[in-house]
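Visitor: The structure that follows is given in the form of structure tokens.
The values are calculated or read from the model by the stated rules, or taken from the named source; none is laboratory data. Computed from a predicted structure; not experimentally measured. As a convention, Cβ positions derive from the backbone with ideal geometry for all residues, glycine included, and neighbour counts pool all protein chains shown.
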Amino acid sequence: MVGGALIVTQLVSTAPDRAPVVSPEAPATSNSLAATRAQNSPMVAVDPADDRFVALANRIDAPVFGCSLQISGDSGASWIGAEPVPELPAGAEKCYSPEIVFDRDGRLYYLFVGLAGPGNSPTGVYLTTSDDRARSFSTPRRLLGPGNYQVRLAIDRDRGSRGRLYLVWLQTAVPPPTGGLPPTDNPIVAAYSDDGGETLSEPVRVSDPERPRVVGPSAVVAPDGTLHVSYFDLADDIRDYQGLPGPPFEGEWAILATSSTDRGRTFGSSVVVDDEVRPRDRVILIFTMPPPALGVSHDGRLHVAWEDAREGDSDVLLRSSSDGGRTWAGPLRLNDDPAGNGATQYLPHLGVAPDGRVDVIFYDRRRDPDDLFNDTYYTYSTDGGHSFAANVRLTDEGGTSRSGQRYLIPSSRKRNDIGSRLAVSSGDDRTIAAWADTRNAAISPYQDVFTAVIDHDEGASTLLASTGTGLVLAGIAGAGLVIRFRRRRTSSADQVEP
């Protein structure tokens, strides 16, 4: 009976709607109340040479701009701090907005923007590397000069001895005004390096020339080496693009996607993913505007997620492409609370596991009738993005959305910057999620980075099944022995009784 129960348990647990096991969330960054740092915008990378080693980079917005690195040797269960930039490069006074990737041999690349001056103007984009699991880092090398923003880092691990590093960013022709981009053509461009960042190719244009207000690039490399980029086109939204005063934009933005099939040398014309994107509010700061979330599966299927207020309140929407970005299906609404209930869902991030599972996390205020406190929710798809599982709450305690950096510019309107992204690292057996958490925010702008590990491994279920099968077989054998014994006793009794 016990064995049968275990087998039934296993069969139920491996049904298609089986919920994954979520570990209790825990802080990755120091959460001392004596250090009121605004730590947000995490990025998580797993070492392909040893998936127990995980790196998490995040930016710091207060009390001064900075950047950080945490490392884990137990697959994200616990974290310790590391120092990737013990000494800033000449001309840079602050480290900001880091990006990280691993190459196939486990070298960790840490990219950051240098800032200087009272206006925190970029002095350049720098790269440092570690070959000893973040114990030490190389002297930072400058890859780009000033005037470059929203820099993204991606890697094709199968190209060259070290893999091909890609940089995708927003390039300005003239110095921007305070709080906004200049009213000139500021394209999204890309370049690559085949020697671990020692040299960089000449930048090529990614965004279409007829779209002058593009922002927020995302970049991902497909298994076949195709480099995919998505970005926002703000259309006629001059106020947000230039950081001018005024109410939220009442028109619509577009999300575009383009690809390079020759490994970053050229890009095709951009394809519209969605051209009915409705912003929820003003962009707090155009330089840190969240990009569309972009992911690609092993078969080349693309997924883009974003927040959208087209139905009145803000929802998380997703579109997918099965033909390399030429056409897009959807959109799907990923948050499963009642539509139009006034709850805000925003800042989605997605990852795609090697087996094709699509993981998405996002901030969600459905539990707060005042629409103020954030929880972090998770959902996933095992059918290529056609449908998604019921939402799972990762946080056992909400945090205020009103803790974070404030900027003295018209577009901010005394609003707090919660960060530019959440983080998801998707493996076949586990998902590592990270987000900015404010549960310990006694005062603004305090923020921690919290993480949770979502277990998809069916090893425990397999163990239950095998144990159950063993118990059933043992039970059958035991029952057979009992029956034989009782038969023998009955036969003996028949021989002695009259």
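Visitor: When Ser72 is evaluated against the numbered criteria (1) in contact with a Cys (Cβ under 9 Å, 6 or more places away or on another chain); (2) free of Cβ contacts under 8 Å to residues at least 60 places away in the same chain; (3) not aromatic (Phe, Trp, Tyr), which criterion, by number, is the only one it fails?
Guide: (1)
Visitor: Within region 193-214, how many residues turn out to be closer than 15 Å to Ser269 by Cα and in a loop (DSSP other than H, G, I, E, B)?
Guide: First pass over region 193-214, keeping only residues closer than 15 Å to Ser269 by Cα: 204-212, 214.
In the following step, the residues that additionally are in a loop (DSSP other than H, G, I, E, B) were identified as 206-212.
Residues flagged as closer than 15 Å to Ser269 by Cα and in a loop (DSSP other than H, G, I, E, B) within region 193-214 amount to 7.
Visitor: Take region 347-400 and flag every residue that is more than 20 Å from Ala329 (Cβ to Cβ) and basic (Lys, Arg).
Guide: Arg365, Arg366, Arg367, Arg393
Visitor: Same structure, new question: State whether one or more residues within region 90-112 are modelled with pLDDT of 95 or more, in contact with a Leu (Cβ under 8 Å, 6 or more places away or on another chain) and not in a strand (DSSP E or B).
Guide: Yes: region 90-112 contains one or more residues that are modelled with pLDDT of 95 or more, in contact with a Leu (Cβ under 8 Å, 6 or more places away or on another chain) and not in a strand (DSSP E or B).
Visitor: Can you tell me which residue among Asp185, Asp194, Asp156 is crowded, with 18+ Cβ neighbours inside 10 Å and closer than 26 Å to Met289 by Cα?
Guide: Values: Asp185 fails: crowded, with 18+ Cβ neighbours inside 10 Å; Asp194 fails: closer than 26 Å to Met289 by Cα.
Only one candidate passes the filter, namely Asp156.
Visitor: How many residues are surrounded by fewer than 18 Cβ atoms within 10 Å (Cβ to Cβ), within 23 Å of the chain's Cα centre (by Cα) and on the phi > 0 side of the Ramachandran plot if we restrict to region 100-153?
Guide: The number of residues fulfilling the criteria is 2.
Visitor: Would it be correct to say that Tyr241 is crowded, with 21+ Cβ neighbours inside 10 Å and out of contact with any Ser or Thr (no Cβ under 7 Å at 6 or more places or on another chain)?
Guide: So Tyr241 passes the test.
Visitor: Scan Thr9, Thr29 and give me the residue that is within 19 Å of Trp435 (Cβ to Cβ) and either in a loop (DSSP other than H, G, I, E, B) or modelled with pLDDT under 95 (or both).
Guide: Thr29
Visitor: Select, from Ala116, Ala173, Ala154, the only residue that is of a type in the set (A, V, I, L, M, F, W, C) and under 18 Å from Val46 (Cα atoms).
Guide: On inspection, the qualifying residue turns out to be Ala154.
Visitor: Now for a different question. Within region 252-303, which residues are farther than 18 Å from Val360 by Cβ, in a strand (DSSP E or B) and of a type outside the set (D, E, K, R)?
Guide: Across region 252-303, the qualifying residues are Trp253, Ala254, Leu256, Thr258, Ser259, Ser260, Val271, Val272.
Visitor: For the condition closer than 30 Å to Gly119 by Cα, touching a Ser or Thr at 6+ places or on another chain (Cβ under 7 Å) and not hydroxyl-bearing (Ser, Thr, Tyr), what is the one hit in Pro290, Pro279?
Guide: Step by step, each of Pro290, Pro279 is checked, and only Pro290 is closer than 30 Å to Gly119 by Cα, touching a Ser or Thr at 6+ places or on another chain (Cβ under 7 Å) and not hydroxyl-bearing (Ser, Thr, Tyr).
Visitor: Here are some conditions: (1) within 17 Å of the chain's Cα centre (by Cα); (2) surrounded by 22 or more Cβ atoms within 10 Å (Cβ to Cβ). Gly356 meets all but one. Which one does it not meet?
Guide: (2)
Visitor: Right, another one. Are there any strands (runs of 3 or more DSSP E) wholly within region 328-445 with 2 or more residues that are hydroxyl-bearing (Ser, Thr, Tyr) and modelled with pLDDT under 95, and if so which?
Guide: Those strands (runs of 3 or more DSSP E) do not exist here; none qualify.
Visitor: Can you pull out every residue in region 117-138 that is in contact with a Pro (Cβ under 8 Å, 6 or more places away or on another chain) and either outside any strand (DSSP E or B) or of a type outside the set (Val, Ile, Thr) (or both)?
Guide: Ser121, Pro122, Gly124, Tyr126, Leu127, Ser130, Ala134, Phe137
Visitor: Name the pairs whose Cβ atoms lie under 7 Å apart, with the first residue in region 227-245 and under 24 Å from Leu318 (Cα atoms), the second acidic (Asp, Glu), and 6 or more positions between them or separate chains?
Guide: Listed by first residue and then by second, the contacts come to Leu234/Asp240; Ala235/Glu252.
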